[in-house]
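Worksheet: the structure to be examined is printed underneath.
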Amino acid sequence: MIAHVLDRHIEITPDLAGGDPHIAGHRIKVREIVAWHERQGKSIDEICAEYELSLADVHAALAYYFDHRESIDRDIENSEALVASMRKQTPSLLEMKLNTRRNGQGLMLFYQVLEAEEMNNHCEFL
């Protein structure tokens with residue numbers, strides 16, 4: 001079952017885009033349009049050109065967002081919290097390398113940490 005919303009520009013399909021509202025015929029979610037426009041400052045024309053969408057598609061996504069702002073903002077915040085949590089749990093290898101150099105510990109410590117982490121990852125799958 002597909003629920004068509006806003007003159008067939010926005011679809012909600014349970015098995016597509018995680019069941020989130022998205023542009024019809026695309027896998028681009030409404031919240032992605034919102035992030036690009038509202039948070040990254042891209043113009044509607046830029047979004048249309050970059051993702052080959054019509055002006056009506058992008059305007060429909062924004063209209064849908066303003067009608068469902070609370071739930072979409074909550075989804076965006078939950079996604080951002082998940083990313084932040086994952087970044088804390090998985091330090092950047094570049095950051096680790098730079099920190100070892102700054103602390104004067106050299107690359108040997110970096111490679112020991114990397115090797116230990118690889119062993120831990122390998123053991124988790126056994």
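Worth a mention:
- Residues TYR65, TYR51 arranged by fewest to most Cβ contacts within 10 Å: TYR51, TYR65
- Net charge, HIS68 excluded, C-beta distance under 11 Å - Lys, Arg +1, Asp, Glu -1: -2
- Here LYS29 is the anchor, and the lysines within straight C-alpha reach of less than 26 Å, apart from those fewer than 8 places off in the same chain, are LYS42.
- By the count of other C-beta atoms within 10 Å, a proxy for reagent exposure, VAL58, VAL83 are ordered fewest to most as VAL83, VAL58.
Laboratory data are not the source of any read-out in this text; all were calculated from the coordinates shown. Computed from a prediction, not measured in an experiment: that's the story for all the values here. All Cβ positions, glycine included, derive from the backbone under ideal geometry; neighbour counts span all protein chains shown.
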